[in-house]
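Everything below concerns the one structure shown next.
Derivation of every value follows stated rules applied to the coordinates shown; laboratory data play no part. Fair warning: this is a prediction, and the values are worked out from it, not measured in the lab. Neighbour counts are summed over all protein chains in view; Cβ atoms, including those assigned to glycine, are modelled from backbone coordinates with ideal geometry.
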Amino acid sequence: MNPGTLDPGYVMAAIAVVGAVTWALRALPFVAAKWLRDHPILKRAQHLIPTAVLVSLLAHAASQGADTNPVSPFLDEAAAIALVAALQWTLRQPLLSIAAGTGLYVLLRAIQ
C-alpha cells in the first residue's frame, strides 16, 4: 500500500484501537485488584519482590565494580553492602539503609 493513499478514517480507527487497548491494559490491575488482593501467590510475592529487585541491582553493581577498581575489586561494593545490611538489621528502615549505602558507595568512588 502506498503511504500517500492511506485512508484517514482507517488511520484514526487504528489509533483509537491502540489507545483503547493501552487504556484497558493500564486499567486492568485496578479492576482486578479486588479479586487478586487475597490471592496466596500475590501475598507471598509482596514479600519477595523487593528483595529480588535489590539482589538484581546488587549483582549488577558488583559486576561493574571489578572492572573499574583492579587494585581492590569489590571493596567499595562490599563496604556499602555491609552498611546497608547492618542498618537494615538494626533499624528496619529500608529507605534509610539504601540511602546510606548509596551515599557511602558514591563517597568511596569519589575519593579514588
> Of A86, G101, L58, which is farthest along the charge dipole of the chain in the positive direction, counting Lys and Arg as +1 and Asp and Glu as -1 at C-beta?
Replying inline: A86
> 222 nm [θ] for the chain, helices only, -39500 (n - 2.57) per DSSP H run of 4+, per residue, to 500?
Replying inline: -29000 deg cm²/dmol
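Which loop trypsin sites (Lys or Arg not before Pro) in the range 1-54, with loop taken from DSSP, have no more than 11 other Cβ atoms within 10 angstrom of their Cβ? Can you show the working numbers first?
Values: sites: R26, K34, R37, K43, R44; in loops: R37.
In loop regions of the range 1-54 (DSSP not H, G, I, E or B), the sparsely surrounded trypsin sites (Lys or Arg not before Pro) are R37.
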> Using the membrane-span-like helix rule (whole DSSP H runs, Cα extent along the own axis of at least 30 Å, mean Kyte-Doolittle hydropathy at least 0.0), which helices of the chain qualify?
Replying inline: 8-36, 40-68
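Please get the size of the charge dipole for the chain, origin at its Cα centre, with Cβ charges of +1 on Lys and Arg and -1 on Asp and Glu, quoted in debye to the nearest 20. Let's see the in-between values first.
Numbers: 7 positive and 5 negative charges, 107 e Å.
Roughly 520 debye for the chain.
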>> Distance between the C-alpha centers of the range 90-112 and the range 1-64? Whole Å please.
In response: 31 Å
>> Give me the extension gain from F30 to A85: residue separation times 0.36 nm, minus the current Cα-Cα distance, reported in nm with one decimal.
In response: 16.4 nm
>> Test of understanding: what is the full-extension gain from R44 to L96, defined as 0.36 nm times their sequence separation minus their Cα-Cα distance?
In response: 16.3 nm
